[in-house]
Amino acid sequence: MSNGLPNPIRDRWALLIGVNRYTDPAFPSLKFCVKDVLALEQILQGLGYTVLCMHDELNTDESRFPTRDNIEAELAQLCQIVGDDDLLLVHFACHGKLVDNQPVLITRETRASTLAKKALPLADVEKQIDLSTNKPQNS
């Protein structure tokens, strides 16, 4: 718009990730992460969002089971779908840590002994979202 105001939001999208249990006993189980994302899913759907909910009460072989690979793949796919005037909400309910003073997210299969290489850096999530807002325009 030429008046400097943003365009109205066209479509609303949400990626919700909840992890209660971890492969590595170094990360204690959580009680309410999955319940929280399931409740948020219902609320957002009621508000017109298209919601992709990933949590560890799903079967481990499902693409929405919250491993790092699955989360990165679902986020990348959503970022390709989201349009310029769309809104994307990404919500994590899980453990997190600092590695070299940078926040990382602990996915279901993350191991403490390989945390620096295998946890999901929050910066990677932010970068993927930023790339979606700077997609090449179709001519």
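The values are calculated or read from the model by the stated rules, or taken from the named source; none is laboratory data. It should be emphasised that the depicted structure is a prediction, and the values quoted were computed from it without experimental measurement. Cβ placement follows ideal geometry from the backbone for every residue including glycine, while neighbour counts extend to all protein chains displayed.
Looking only at residues in segment 79-100 that are of a type outside the set (Val, Ile, Thr) and more than 24 Å from Asn20 (Cα to Cα), the one that is surrounded by the fewest Cβ atoms within 10 Å (Cβ to Cβ) is Asp100. Can you tell me which residues in segment 33-59 are among the hydrophobic types (A, V, I, L, M, F, W, C), touching a residue at least 24 places away in the same chain (Cβ under 8 Å) and under 21 Å from Asn70 (Cα atoms)? Cys33, Val34, Val37, Leu40, Val51, Leu52, Cys53, Met54 - these are the residues of segment 33-59 that are among the hydrophobic types (A, V, I, L, M, F, W, C), touching a residue at least 24 places away in the same chain (Cβ under 8 Å) and under 21 Å from Asn70 (Cα atoms).
If you go through segment 77-125 and pick out every residue that is assigned to a strand (DSSP E or B) and over 15 Å from Pro66 (Cβ atoms), you end up with 9. Considering only residues in segment 1-29 that are within 18 Å of the chain's Cα centre (by Cα) and surrounded by fewer than 19 Cβ atoms within 10 Å (Cβ to Cβ), the one that is farthest from Glu109 (Cα to Cα) turns out to be Asp11.
The number of residues in segment 101-139 that are in contact with an Asp or Glu (Cβ under 7 Å, 6 or more places away or on another chain) and exposed (fewer than 12 other Cβ atoms within 10 Å of the Cβ) comes to 0. I'm checking my understanding of the structure. Among residues of segment 40-78 that are of a type in the set (Ser, Thr, Tyr) and closer than 28 Å to Ser29 by Cα, which one is surrounded by the most Cβ atoms within 10 Å (Cβ to Cβ)? So the residue we want is Thr67.
Condition test on Glu74, is it at pLDDT 95 or above and either in contact with a Cys (Cβ under 8 Å, 6 or more places away or on another chain) or in a loop (DSSP other than H, G, I, E, B) (or both)? It is false that Glu74 is at pLDDT 95 or above and either in contact with a Cys (Cβ under 8 Å, 6 or more places away or on another chain) or in a loop (DSSP other than H, G, I, E, B) (or both). A residue that is within 25 Å of Ala119 (Cβ to Cβ), of a type outside the set (Ser, Thr, Tyr) and either assigned to a loop (DSSP other than H, G, I, E, B) or modelled with pLDDT of 95 or more (or both) cannot be found anywhere in segment 1-10.
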